[in-house]
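Right, one structure below, let's go through it.
The values are calculated or read from the model by the stated rules, or taken from the named source; none is laboratory data. All of these numbers come straight from a predicted model, not from anything done at the bench. As a convention, Cβ positions derive from the backbone with ideal geometry for all residues, glycine included, and neighbour counts pool all protein chains shown. For accessibility, only protein heavy atoms count, side chains too; no ligands or nucleic acids. Shrake-Rupley method; radii C 1.70, N 1.55, O 1.52, S 1.80 Å.
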Amino acid sequence: MITTDTLITIGNILIRIVAIIVLIISAIIVSRLIMKRLFWPRIKKTRTELDDRIFHLFESFLLIIIILFGIQAMIRLLEEYLGIYAEFTDDIFFLVYWITGVYISFRIISIVSNWYLSRVPLRDRETIDKRLIYSIRNILMFTVSFLAFLVLLDYFEITGAALTAMLAALGIGGIIVGLAAQNTLSNIITGIVLLIDRPFRIGDRIHIEKLDTWGDVIEIGWRSTRIMTMDNRLVAIPNSIIGTELVINYSTPEKMFRIETDIIVSYGPDIEYVRGLIVDALKSEKWVMQERPVQALLFEFTESGIKFRVRCWIEDYVETRVSEDRLNTAVYKALIDKKIAMPSSYLVFYFANPEDNRMVYTKE
């Protein structure tokens, strides 16, 4: 039979539960009013959608926290009257808060990374930027997971010998793996640096001087960068080598490129006449960019003649080799047509017997 004291106890429990529910509803209403009236108008004025997404995420997070606090308060109320094990419920709610915090952190990292990718043009998003952002995102998520794991260990007081042994094992394992995969790790780290620094992109034509490798970049991987050479050969170069060598990028900032050649003219003809002859010959060529300077610079006085350095610009660096051939051909024809001598060297050998013929050997 239910006694009066029992009815009073049940009534008190119900009253407190109703009071907690009212407080939860009030807190939700007040928080939403503050968010909508105070913060949302300012956030809405910004042009970017990043703050909008973070605002809605934080709003949902605040709602969840208020509800969880209310439920925890009601359970503690029942603990007082029903004798439920308090420490056990606190551990359960800590795990719920812990999971919620980790989830919100992951969501913020994903929102920021997706927002950045949405701002990158499609031609770049499919290559370097996508890999770079996803790599940074994974690193941040791993860092958050590791810190959350440490918080979890600290809460449950998993310390001392067990934790020390685990960290020691991880340290020894890390040293072994690091020594075994030193070159691979160096290539991976340099690959990440290349993705961040961007000395070149996929499709750029580069020249690695020390390796004497010239070609178009077709892939930037974690371990190596692949280059298609001019003779249609695929060269895979470890990223650690690229990171320490001088790399010339012919595609940046523009595709136009200046080509040049050296020509030696015999002493005698007027310098300005020869210079004008060369410049006029190049300006009549369609492949030469006429809006850019065409130059024939007196570069040096040599034993055999005057050396001119001839320069002009082309629209696309891809045509470098062909354009150099056109440049040399155009200069040669212009000088030959006007009978401008281009000296050559000879080695003359005489036989001891004067009656023998003289042999002349041409030196290139």
Report summary line: Residue hits (the stretch 196-226; more than 30 Å from residue 321 (Cβ to Cβ) and touching a Lys or Arg at 6+ places or on another chain (Cβ under 9 Å)) are 222
Requested in this report: Could you tell me whether any residue of the stretch 336-344 is modelled with pLDDT under 90, among the hydroxyl-bearing types (Ser, Thr, Tyr) and more than 23 Å from residue 214 (Cβ to Cβ)?
Outcome: yes
Query - Matching residues in the stretch 94-137 - criterion: being modelled with pLDDT under 80 and of a type in the set (Lys, Arg) - result: 119, 123, 125, 130, 131
Query raised in the report: Can you name every residue in the stretch 304-316 that is at pLDDT 90 or above and over 15 Å from residue 263 (Cα atoms)?
Result: 313, 314
Query - residue 275 vs. criteria among the charged types (D, E, K, R) and within 45 Å of the chain's Cα centre (by Cα) - result: no
Query raised in the report: Which members of the stretch 293-303 meet the condition of being modelled with pLDDT under 90 and open to solvent by less than 50 Å² (accessible area, probe 1.4 Å)?
Result: 302
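To keep it simple, each residue is scored yes or no on (1) surrounded by 15 or more Cβ atoms within 10 Å (Cβ to Cβ); (2) part of a helix (DSSP H, G or I); (3) at pLDDT 75 or above; (4) basic (Lys, Arg).
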position: 59; (1), (2), (3), (4): yes, yes, yes, no
position: 62; (1), (2), (3), (4): yes, yes, yes, no
position: 65; (1), (2), (3), (4): yes, yes, yes, no
position: 70; (1), (2), (3), (4): yes, yes, yes, no
position: 75; (1), (2), (3), (4): yes, yes, yes, no
position: 80; (1), (2), (3), (4): no, yes, no, no
position: 84; (1), (2), (3), (4): no, no, no, no
position: 92; (1), (2), (3), (4): no, yes, yes, no
**Report entry** Residues that are more than 38 Å from the chain's Cα centre (by Cα) and open to solvent by 100 Å² or more (accessible area, probe 1.4 Å), drawn from the stretch 27-52
**Finding:** 32, 37
Query raised in the report: Of the residues in the stretch 256-283, how many are more than 14 Å from residue 332 (Cα to Cα) and hydroxyl-bearing (Ser, Thr, Tyr)?
Result: 2
